[in-house]
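S.K.: I'd like to ask you about the structure that follows.
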Amino acid sequence: MKIIAFAASTSKHSINKQLVEHTMTHFPDAEIRLLDLNDYDMPVFSVDREKEGYPEQAHRFLKDLAWGEFYIISMAEHNGNCTAAFKNVFDWSSRIDGKAFGNKPMFLMSTSPGGYGGKNSLQYGITRFPKHAAVIVETFSLPSFEQNFSKEKGILDEELRKEYHEKIVAVKASVQAS
């Protein structure tokens with residue numbers, strides 16, 4: 001299985017990237033490409049700029065997405081919404097190809113330092129991504145990242161860890177069935 005994984009963040013210390021990297025360990029037999037949104041830096045989307053043509057980075061992002069058979073994405077949150085960097089990459093890419101996710105399965109997650117766990121940005125993905133041909137198999141939100149996660153041990157809270165593992169099992173079963 002070929003997996004595209006990324007955090008919807010440009011932070012060098014992204015907690016969403018840490019969650020994605022932890023999730024990747026649950027797919028030891030997969031070929032995984034971990035994308036970095038910093039590699040897709042482009043001008044802020046506008047219809048005026050769109051008339052001038054699409055940035056090469058937007059085409060490259062779509063090509064990278066197309067390589068995968070399954071997606072692991074964790075949505076970072078800024079001010080109660082997805083990050084401007086992700087929104088920009090997605091705005092450009094989805095204008096080139098409205099079905100950017102290619103009807104492929106996705107495990108969509110979020111985390112944040114606060115108790116809401118990035119659920120606003122997660123909800124953005126839940127609502128928006130299926131309109132762009134994402135097949136969201138499962139979602140997971142990890143609240144209070146610093147208290148509930150360790151790079152060495154993973155998810156620390158017993159109930160959250162159990163929920164997360166149940167979702168990993170469901171994702172694997174769904175992906176294998178397709």
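The values are calculated or read from the model by the stated rules, or taken from the named source; none is laboratory data. Everything quoted here is computed from the prediction, not taken from an experiment. For neighbour counting, all protein chains shown are included, and Cβ atoms are generated from backbone atoms with ideal geometry for every residue, glycine included.
S.K.: Within the bounds of region 12-34, is there any residue that is of a type in the set (S, T, N, Q), assigned to a helix (DSSP H, G or I) and within 18 Å of Y124 (Cα to Cα)?
M.R.: yes
S.K.: Whether any residue in region 21-34 is over 15 Å from the mean Cα position of the chain (by Cα) and more than 24 Å from T111 (Cβ to Cβ) is what I want to check.
M.R.: Yes, because at least one residue in region 21-34 is over 15 Å from the mean Cα position of the chain (by Cα) and more than 24 Å from T111 (Cβ to Cβ).
S.K.: Something else: Restricting to region 136-178, name every residue that is among the β-branched types (V, I, T), in contact with a helix residue (DSSP H, G or I) (Cβ under 9 Å, 6 or more places away or on another chain) and surrounded by fewer than 18 Cβ atoms within 10 Å (Cβ to Cβ).
M.R.: Passing the criteria: I136, T139, I168.
S.K.: Here are some residues: M42, M106, M75. Which one is of a type outside the set (S, T, N, Q) and touching a Pro at 6+ places or on another chain (Cβ under 6 Å)?
M.R.: Result: M42 is the single residue among M42, M106, M75 that is of a type outside the set (S, T, N, Q) and touching a Pro at 6+ places or on another chain (Cβ under 6 Å).
S.K.: Can you pull out the residues in region 122-178 that are of a type in the set (D, E, K, R) and within 13 Å of M109 (Cβ to Cβ)?
M.R.: E138, E163, K167
Yes/no per residue for (1) surrounded by fewer than 13 Cβ atoms within 10 Å (Cβ to Cβ); (2) closer than 21 Å to P113 by Cα:
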site	(1), (2)
K12	yes, yes
Q18	no, yes
H26	no, no
N38	yes, no
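S.K.: While we're on this one: Residue check: is G114 assigned to a loop (DSSP other than H, G, I, E, B) and touching a residue at least 12 places away in the same chain (Cβ under 8 Å)?
M.R.: yes
S.K.: Quick check: is even one residue across region 113-127 at pLDDT 95 or above and in contact with a helix residue (DSSP H, G or I) (Cβ under 7 Å, 6 or more places away or on another chain)?
M.R.: Yes, region 113-127 contains at least one residue that is at pLDDT 95 or above and in contact with a helix residue (DSSP H, G or I) (Cβ under 7 Å, 6 or more places away or on another chain).
S.K.: Among the residues of region 156-173, which ones are in contact (Cβ under 8 Å) with a residue 24 or more places away in the chain and either touching a Pro at 6+ places or on another chain (Cβ under 6 Å) or aliphatic (A, V, I, L, M) (or both)?
M.R.: I168, A170, V171
S.K.: Looking at region 55-83, I want the residues that are surrounded by fewer than 15 Cβ atoms within 10 Å (Cβ to Cβ) and have a partner that is among the basic types (K, R) and part of a strand (DSSP E or B) with Cβ atoms under 9 Å, at least 6 apart or on another chain. Which pairs are those?
M.R.: Within 9 Å, the pairs are W67/K2; W67/R33.
S.K.: Could you list, in sequence order, all residues of region 64-85 that are part of a loop (DSSP other than H, G, I, E, B) and among the small types (G, A, S)?
M.R.: G68, A76, G80
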